[in-house]
Ligand SMILES: Nc1nc2c(ncn2[C@@H]2O[C@H](COP(=O)(O)OP(=O)(O)OP(=O)(O)O)[C@@H](O)[C@H]2O)c(=O)[nH]1
Ligand SMILES: [Mg+2]
């Protein structure tokens, strides 16, 4: 960055894909083009160097009347994110400002101060807790003489490391590309390893155009691929709704224990790790409830404060599961430092993905690590305290899920005459049959049905025992 010839602060330069000329320079190349990052972002595909542990200075800004404790908590989390990404946070700088500086976010005086701190520590990179515009990032790198990244870049980096399935990889790559595209011009050596073409004027501009076109094409390809996955998901979810099994989704802050809870509830072996964003792909398991009915339970990606919007939109297909669920099992680490802050952050993301109205059941996990979970469960009505490790409270949790699901359907007894095979089929299709007894005049069936189906079948009802047994 230091020897970059552009001295003037630059404006944001969002890419307008419509203006880009058609690209025929790629030819067959595209078919073998393995993600943009192998080419544009170095061999690891991440923004953070991993051949050694980078030394990182963190910068947080309390804007306006923001509580400094909040900034501090957010920086603690940023340190954890940096560590998960494989680097060491060695110092932190906190600044108070009324509003962000448009050119450098923190102001150029403060930036120079941070440069001195970074030099003192021999730091490789400065990571800002807030999202920097491409121009701010570019200008900061010039002043700091080293890479300036933001929280978004760090989270994207972790996601890139953790993605394992094709869909997960595609979603992460799409998010990374959307993040990188507007930053191509301002990017320094690390982001552009194409023979020094990027960031220089003259012939470099042409190279930049080529790079952009490639990335834009890649974005379109990924979007198309993900749309196909989404169409497939929709077919699956239609099939699911025909069987009338309810769907619950485990949501919550990253590392709260969602996968662990799914595992103990369904005796599965979904990956559990003491690291942020261990789960990126949705896994669905059948969960048998005490009343005999089944629900589909899906484990989902964890949330975090200031989750990058690029990721939220790229993970749309995964997160649709959450929006379409009948019930959310909101897992909270009851032993964590700020459970309430985590709850708020999760609610924020749920709103963002259109799942704000899905009913939720709060589950305070890790009750084996102190009484935090039980105290919290007492203060939130209808919530449960559990430990995925010891199994404490899991039975109660499953019962609570059963109770909540039961309020969504009604149990009814029906008598279906033998000559009405069509009605018999309809009961099976639309409801969950709990028992069937062959009688003289027809089949006696006890089934859970949604109010609409119940209405259509009322002719065959023997009793309907209301929403709860
Ligand atoms: N002490 C204790 N640790 C737990 C409990 N449940 C989960 N953990 C630990 O918490 C860490 C995270 O658990 P996961 O189940 O991977 O959490 P997650 O919510 O799925 O996390 P992400 O997928 O990364 O968002 C792991 O180290 C677990 O062993 C619990 O009840 N007690
Ligand atoms: Mg998980």
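Rule-based calculations on the coordinates, nothing more; no lab input. Treat the numbers as computed from the prediction; the structure is a model and nothing was measured. Note: ideal-geometry Cβ built from the backbone for every residue, glycine included; neighbour counts use all protein chains shown.
Structure summary
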read-out: Mean separation of Cα contacts under 8 Å, 6 or more apart, over the residue count of segment 244-406: relative contact order %; value: 25
read-out: Computed FRET value (nearest 0.05) for residue 415 with residue 116, which takes r as the C-beta separation and R₀ as 60 Å; value: 0.10
read-out: Convex hull volume per residue in cubic angstrom - Cα atoms of segment 275-363; value: 112
read-out: Potential extension, residue 210-residue 227 segment - 0.36 nm per residue separation minus Cα distance; value: 3.5 nm
read-out: For q = 0.21 Å⁻¹, Debye-computed log10 I/I(0) when each Cα of segment 348-404 counts as one equal scatterer; value: -0.81
read-out: Ellipsoid semi-axes in whole angstrom, largest first, where each is sqrt(5λ) of the Cα gyration tensor of segment 80-130; value: 21, 14, 8
read-out: Over segment 381-469, relative contact order from alpha-carbon pairs under 8 Å, at least 6 apart, %; value: 35
read-out: All-pairs Cα distance distribution in segment 228-327, expressed in whole percent, bin size 5 Å; value: 2, 12, 22, 24, 20, 13, 5, 1, 0
read-out: Chain lengthening between residue 55 and residue 462 when straightened (0.36 nm per residue, less Cα-Cα); value: 139.3 nm
read-out: If the convex hull is drawn through the Cα atoms of segment 322-469, its volume per residue in Å³; value: 127
read-out: Overall dimensions of segment 410-464 by Cα: Rg and Dmax, Å; value: 9.7, 28
read-out: Label-to-label distance, nm, for residues given as residue 271 and residue 390 (7 Å Cα→Cβ offset); value: 3.0
read-out: Estimated FRET transfer efficiency (residue 220, residue 434; beta-carbon r; R0 51 Å; 0.05); value: 0.55
read-out: Where labels lie 7 Å past Cα in the beta-carbon direction, separation of residue 94 and residue 166 in nm; value: 4.8
read-out: Relative pair counts by distance (%), Cα atoms of segment 244-406, 10 Å bins; value: 11, 45, 37, 7, 0
